[in-house]
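S.K.: Could you have a look at this structure, given as structure tokens, before my questions?
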Amino acid sequence: MSRTLAAIFGGAAGAVALVGMIIVLIRFCLSHKRSVSRTSETGSSDPSQVGRIELQLRDTRRFEMEELSLATKNFTEKNLMGEGKFGEVYKGLLQDGVLVAIKKRRALPSHEFVDEVRYLSSIQHRNLVTLLGYCQENNFQFLIYEYVPNGSVSSHLYGAGQQSHEKLEFKHRLSIALGAAKGLAHLHSLSPRLVHKDFKTANVLVDENFIAKVADAGLRNFFGRDEIAGPSSQVASDEIFLAPEVREFRQFSEKSDVYSFGVFLLELLSGKEAAESPSSDSYQNLVEWVQSNQDHGNIFNMVDKRLGSSFTGEGMEEFIMLIAKCLDPSSERRPSMNYVVTELDRILEKEMNLTTFMGEGTPTVTLGSQLFKTTT
């Protein structure tokens, strides 16, 4: 009898152990499947799926000081492209022929810097500027990014390099906006989520095919809560991209990024800096004017004259409505970036179908190199 009971209990214990092993195996397979799930466009987990994207931290390239000096010809002024919040920005050519943008600042080496670089360099997406690696030597810190050849959208709209005869049609501005929106939406889908915190038109770059790439994602993380020094004029123009809750309480969130994106859309609409006044007799900037004018017909007066008739009235009105939603003073009423992506995609598709035809109504696609046309 005792042997029978022992056999029964032994068999039951074995069954329980087997079930436990099966459960562990199933959980492992599901976790592995989630971590390796990828999309063809982004090279990352699909943000449209339920749940957030889990980043797999990879080994980040550590550059040597000598390598960066050679790439920039010892950081000569000829290679200096400008100065941002992190520090000076140089164009560099690595020995393997890869063009890079190198950001340099004076700072003591730290483990926190390396950890942050590892995290940010693990974020891969078609519409984000890739952080390639770092260097910490001689009391300097360096961030090495991919080089984006056609510069920022702001330079094409109203910057020093912008030419009066240059024209960027509405559907092409929509395409750039959609790419930037996808980049931000991807950041918001990460786990842990990443809020850009410094999104602005100058941080939307375009490559050789005029595909938009969002730059400087997470750059504020290197500074904590400290204010980032910079020219007073730059600080003043940057402040307008900050949501009311950020200016007043320093509360960054996905919705504060949405507000910043709304300011970016407003600059695409007007072709002007949002800090400007809509008219000589107005004391408001463009953002304040939009927020105080609920009549979309009035906002039509703000449309960049260089657009001519390259848009439909319906598409433009929907675009203006989206801008107003993003610029809502209440963060709770602002849409998510996923919603913004969906709306821009819908408006762009409609504009392409209605304004670009060849032959017997066949839609045509304009190459990236032909996006900027010269008016006669």
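S.K.: Taking amide H atoms as placed 1.01 Å from N in the peptide plane, list the residues 5 or more away in sequence, or in a different chain, whose amide H sits under 5 Å from that of L190.
M.R.: Those lying under 5 Å, H to H, from L190 are I53.
S.K.: Quick check: with the 1.4 Å probe, what order do E67, E169, E77 take by accessible area, largest first?
M.R.: Values: E67 45, E169 20, E77 155 Å².
Output order, biggest surface exposure first: E77, E67, E169.
S.K.: Right, next: If R306, R106, R247 are ordered by their accessible area, calculated over protein heavy atoms with a 1.4 Å probe, which sequence runs from highest to lowest?
M.R.: Most to least solvent-accessible, the answer reads R106, R247, R306.
S.K.: While we're here: Counting only protein heavy atoms and a 1.4 Å probe, tell me what percentage of the stretch 78-222's accessible area is made up of carbon and sulfur.
M.R.: Accessible surface attributable to carbon and sulfur in the stretch 78-222 totals 47 percent.
S.K.: Related question: So for E83, E64, E254, what's the accessible-area order with a 1.4 Å probe, most first? Before the final figure, lay out each step's value.
M.R.: Working: E83 135, E64 90, E254 45 Å².
Accessible-area ranking of E83, E64, E254, largest first: E83, E64, E254.
The values are calculated or read from the model by the stated rules, or taken from the named source; none is laboratory data. Computed from a predicted structure; not experimentally measured. SASA here: full protein model, heavy atoms, side chains in, ligands and nucleic acids out. Shrake-Rupley method; radii C 1.70, N 1.55, O 1.52, S 1.80 Å.
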